[in-house]
Amino acid sequence: MTAFSLEPAQLAWCAELRTLAAQRLRPLADKGEPGHVNRALVAELGSLGLLGRLFTSGALDLCLMRESLAYACTEAETALALQGLGAHPVHAHGTQEQRARWLPRVADGTAIAAFALSEPGAGSDAAALELRAEPELRAERESPQGEGPPAAPALAAAPDGPARWRLTGEKCWISNAPEADFYTVFARTAPGAGARGVTAFLVPADRPGLTGRGLDMLSPHPIGALDFDAVPVTADDVLGAVDRGFRVAMGTLNLFRPSVGAFAVGMAQAALDATLAHTAGRDAFGGKLRDLQAVSHQVAEMALRTEAARLMVHAAASAHDADAPDVPGRSAMAKLLATETAQYVVDAAVQLHGARALQRGHLLEHLYREVRAPRIYEGASEVQRGIIAKELYARQEAR
């Protein structure tokens, strides 16, 4: 199988997913409360076995899932993606105990995961994050023979380095916050060290000092801010190695960036199909709307860009599955092209539908709100261009 074609079994699976999304997931999505985690929808994704596939499938399968679900139910696609984004660091870097505690519950939809990287001052520049993980020093109290008040504590770090920290600071624009059951949190353990001084922690939501609030966004996803007031974490909560958390974050994003593109392709395809149906049936100027050359050429352009984006997404995902050396650049290209394409296609679809597409509840009104965010999250389009250029020049210098 190449990056440029899918096997019949894969095509059949995609069709099955679109049917499941329309018949079983769409009704649950409609019952959800905007801006909040839809636990019934997540549980259904678990019962269908889709969440479990997050930990057994490669990047291409993830892309096929996200595109197929997005075509019929963007809410289901987003719920699945957020479970994967929050839990992948545990799957890839967690200890046996961490994995045993959380991954089965993520897979069956009974535990909600979240990926907590962005901050008010560190969005696109993720290496600039300021959430502090401060070592907690040990207090050794001496009270000779149990007489009199205890002596003042003598504070000392553990002999082999700090085994406990306190997290202090803020995270913002965190999906599934503040309703998640656990968070993959990235905090600075080495001040002034840039990307090399970040550690990833698995933080259960019930830790003392961890609070949050929801944010009212353009598209009503469950997104919020988190406040960390000396939240305790230990060495048992570390994902990967101390001061090596940035590679945990980037590894996760390299996997999920092509699938963000797949999400965008699913929306673009839904908008394109709606436009084909509308222009074929709409009477205008003595014929059908599709008979106007300006309209038919616009539809052709929409189809061309959608297919090009799909192929690039598949190529990037296949490169990831093959452990190719140019995954960061390919992932950035796929995410950039697909999200920008989806914005173009959905906007063109709205224009060709006219005022009806602006009515609340119309498919395109929904897609118009949904399609904007992917150009920003998991690295804005400008960040993707920077990654692409960096990879190109590194390759040129290596020749």
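Just so you know, all these numbers are worked out from the coordinates, no wet-lab data involved. These numbers come from a predicted model, not from an experiment. Heads up, the Cβs are rebuilt from the backbone with ideal geometry, glycines too, and the neighbour counts pull from every protein chain shown.
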Worksheet, complete the sentence: Rounded to the nearest 10, the angle in degrees between the Cα long axis of helix 96-108 and the longest principal axis of the Cα atoms of the chain comes to 30 degrees
Discussion item. Positive end of the dipole of the chain, charges at C-beta (+1 Lys, Arg; -1 Asp, Glu), about the Cα centre: which of G329, L358, A59 has its Cα farthest in that direction?
Written reply: L358
Item to complete: Excluding residues fewer than 8 places away in the same chain, name every one of the aspartates and glutamates whose C-alpha is closer than 14 Å to that of K390.
Response: D326, E382
Worksheet item: Taking Cα atoms, how many degrees apart are the long axis of helix 293-321 and the longest axis of the chain, rounded to 10 and kept between 0 and 90?
Response: 40 degrees
Item to complete: Return the long-range amide H neighbours of I223 (sequence gap of 5 or more, or a different chain), with a cut-off of under 5 Å between placed amide H atoms.
Response: N176, L215
Worksheet item: Angle between the Cα long axis of helix 381-398 and the longest principal axis of the chain, 0 to 90 degrees, nearest 10?
Response: 80 degrees
Practice prompt. Can you bin the stretch 8-108 into rounded, prolate or oblate? Criterion: square roots of the alpha carbon gyration tensor eigenvalues sorted a ≥ b ≥ c, rounded for a/c under 1.5, prolate for a/b above b/c, oblate for the rest.
Written response: oblate
Discussion item. Under the rule a/c < 1.5 gives rounded, and otherwise a/b versus b/c splits prolate from oblate, where does the chain land using the Cα gyration tensor?
Written reply: prolate
Discussion item. Need one number: nm distance between label points at T234 and A195, each 7 Å from Cα along Cα→Cβ, rounded to one decimal.
Written reply: 3.3 nm
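Could you tell me which of rounded, prolate or oblate describes the stretch 152-264, using a ≥ b ≥ c as the square roots of the eigenvalues of the alpha-carbon gyration tensor, with rounded for a/c under 1.5 and, failing that, prolate when a/b is larger than b/c and oblate otherwise?
oblate
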Worksheet item: Please report, for the Cα atoms of the stretch 277-356, the Rg to one decimal and the Dmax as a whole number; what are they, in angstrom?
Response: 16.9, 56
Discussion item. Just to be sure I understand: of the beta bridges DSSP finds with both ends in the chain, what percent are antiparallel, rounded to 5?
Written reply: 85 percent
Response to the item:
Packing-ranked peptide list from 214-227, 55-68, 106-119, 363-376, highest mean Cβ count within 10 angstrom first, is 106-119, 55-68, 363-376, 214-227
Worksheet entry | 3J(HN,Hα) from dihedral phi, the stretch 209-216, Karplus parametrisation 6.51/-1.76/1.60, rounded to Hz, x for glycine, proline | x, 9, 10, x, 8, x, 10, 8
Discussion item. Give the aspartates and glutamates whose C-alpha is closer than 17 Å to that of K31, dropping any in the same chain fewer than 8 places away, or say none.
Written reply: E44, E75, E77
Worksheet entry | Mean separation of Cα contacts under 8 Å (6+ apart) over length of the stretch 8-108, as relative contact order % | 35 percent
Worksheet, complete the sentence: Residues K31, K390, K335 in order from fewest to most other beta-carbon atoms within 10 Å are K31, K390, K335
Fill in: Value of [θ]222 nm, deg cm²/dmol, for the chain, DSSP H segments ≥ 4, -39500 (n - 2.57) each, nearest 500
-16500 deg cm²/dmol
Fill in: Neighbourhood charge, 9 Å Cβ-Cβ cut-off, centred on L131 and excluding it, Lys, Arg +1 and Asp, Glu -1
0
Worksheet item: What are the residues whose amide H is under 5 Å from the amide H of I112, where those residues sit 5 or more places off or on another chain and H is modelled from the backbone?
Response: D181, F182
Worksheet item: Using a Gaussian network for the chain with springs between C-alpha atoms less than 10 Å apart, which of these wobbles most: G32, G261, G245?
Response: G32
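What percent do you get for the relative contact order of the chain when only Cα pairs under 8 Å and 6+ apart count?
On the way: 743 pairs, mean separation 63.3, N = 399.
With pairs under 8 Å counted, the relative contact order is 16 percent.
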Worksheet entry | the stretch 247-398: equivalent-ellipsoid semi-axes (sqrt of 5 x gyration tensor eigenvalues, Cα, Å) | 34, 15, 12
